[in-house]
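Each remark here refers to the structure printed beneath this line.
The values are calculated or read from the model by the stated rules, or taken from the named source; none is laboratory data. Note that the coordinates shown come from a computational prediction; the quantities given were computed from them, not determined experimentally. Neighbour counts are summed over all protein chains in view; Cβ atoms, including those assigned to glycine, are modelled from backbone coordinates with ideal geometry.
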Amino acid sequence: MPTTKNPMIPPIPNLPEGCIPARITAQHKDRYEAISAQGTVYAQCKRAAYRKASPWDCPTVGDLVALEYRPDGDSLIHATLPRKSYFVRRAAGPVSMQQAVAANFDYVLLLASCNQDFNLPRLERYLSQAFSSGGEPVILLTKADLVPDPAPLVEAAQSISMGVSVYAISAQTGKGLESLSRYLTPDKLLVLLGSSGVGKSSLVNALMGQDIMTVRAIREDDAKGRHTTTHRQLLSLPGGAAIIDTPGMRELGLWDAQEGLRETFQDIEALAAQCRYRDCTHSHEPGCALREAVQAGLLSPQRLQSYQGLRQESRRGTERNHAKQSRGLRPQEGPRKKIRKEDLESPS
Ligand SMILES: Nc1nc2c(ncn2[C@@H]2O[C@H](COP(=O)(O)OP(=O)(O)OP(=O)(O)O)[C@@H](O)[C@H]2O)c(=O)[nH]1
Ligand SMILES: [Mg+2]
Ligand SMILES: [Zn+2]
């Protein structure tokens, strides 16, 4: 019987009787692939244990679970253990419920490529997702071999990164990969986030030292990816760390990130608190602190624009999800009147 000492499977006290810890590495509908002291196993959720489970309770890639090992047939998952970090999306179904789509990672590697597809507002959006996940974000500018000097792009990314580290790397030449070693220590779990075609799977292969994940050329005309990776997959790296390769953001359904948005734009949110109207749209209202800051040269108009765009998109995403899932059960909202802060704050 193979016993592996894998840093991805820590000892866990008080598991249900007869269970061992296991880490979910992939999901195929109701069937899971996991690593455990028994090696790689296939497993399903134990019916009785998950009868009343919500989508949130169900295992996802990266989760630690309590596993009843069965040598002949699928093993049984008795419990999903609490998560220290996760990405969520709204689960399909009649009620709006959340579902985790990757869990327990330490670092979120945000990838953007040094080609014509480089786009700061998109990077800001990914950053907001990363901040709300509980993992520590790191920005990687991929395909650095395609530009004579990636420094200007690194600087541009730093201008919006809120202190998050930015590295230029190339999976093809290996340039810059050594800067990742500080994140690749044993028992650390990394997750990749970025649009299709930025080179997530290529980075995984470079770190693995062999071609495990399928990689496909991007479209020549607009440099967009072809959605090659369709499932999340956790792989153990040679040094003891592990990495979760993912499909692009759209496939992950991560468009609803109000909370992370707040962190990415802390500076703007702090300023916005000084607008005269509490529900200021920062477009035409008198006493708008944001427009005043732009006029005074204290805030870049592009940054305000990208904040506005993301806020709208995120709000639309939320509304779309709510609408889809509550099927008209939501009360109708009338037109809202502007509320003055003074009206709320002064005792009357
Ligand atoms: N020049 C150059 N090309 C790269 C580099 N890394 C990846 N590519 C190319 O970019 C294309 C897309 O790479 P993938 O690794 O499949 O991208 P992905 O992010 O996994 O894409 P999806 O799975 O669709 O989300 C392939 O043609 C790769 O060869 C790099 O460092 N330099
Ligand atoms: Mg891929
Ligand atoms: Zn305002």
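Grab the helices (runs of 4 or more DSSP H) fully contained in the stretch 237-348, keeping just those with 2 or more residues being more than 27 Å from GLY135 (Cβ to Cβ) and at pLDDT 85 or above.
Passing ranges, in order: 289-295, 301-326.
Scanning the stretch 175-217 for residues that are within 16 Å of ligand 2 (Cβ to nearest atom) and without any contact (Cβ under 8 Å) to a residue 24 or more places away in the chain yields GLN210, ASP211, ILE212, THR214, VAL215, ARG216, ALA217. Do we find that THR173 is modelled with pLDDT of 95 or more, of a type in the set (Ser, Thr, Tyr), assigned to a loop (DSSP other than H, G, I, E, B) and over 24 Å from VAL88 (Cβ atoms) in this structure? In short, yes. Residues in the stretch 179-220 that are of a type in the set (S, T, N, Q) and within 14 Å of LEU140 (Cα to Cα) were compared, and the one that is farthest from ligand 1 (Cβ to nearest atom) is SER181.
On inspection, ASP106 fails the criterion of being modelled with pLDDT of 90 or more, of a type outside the set (A, V, I, L, M, F, W, C), closer than 18 Å to TYR86 by Cα and more than 19 Å from the chain's Cα centre (by Cα). For the stretch 54-156, the strands (runs of 3 or more DSSP E) that sit wholly inside it and include 2 or more residues that are within 16 Å of ligand 2 (Cβ to nearest atom) are 97-103, 107-113, 136-142. Residues in the stretch 1-53 that are in a strand (DSSP E or B), under 14 Å from VAL65 (Cα atoms) and without any contact (Cβ under 8 Å) to a residue 40 or more places away in the chain: GLU33, SER36, THR40, VAL41, TYR42, ALA43, GLN44, CYS45.
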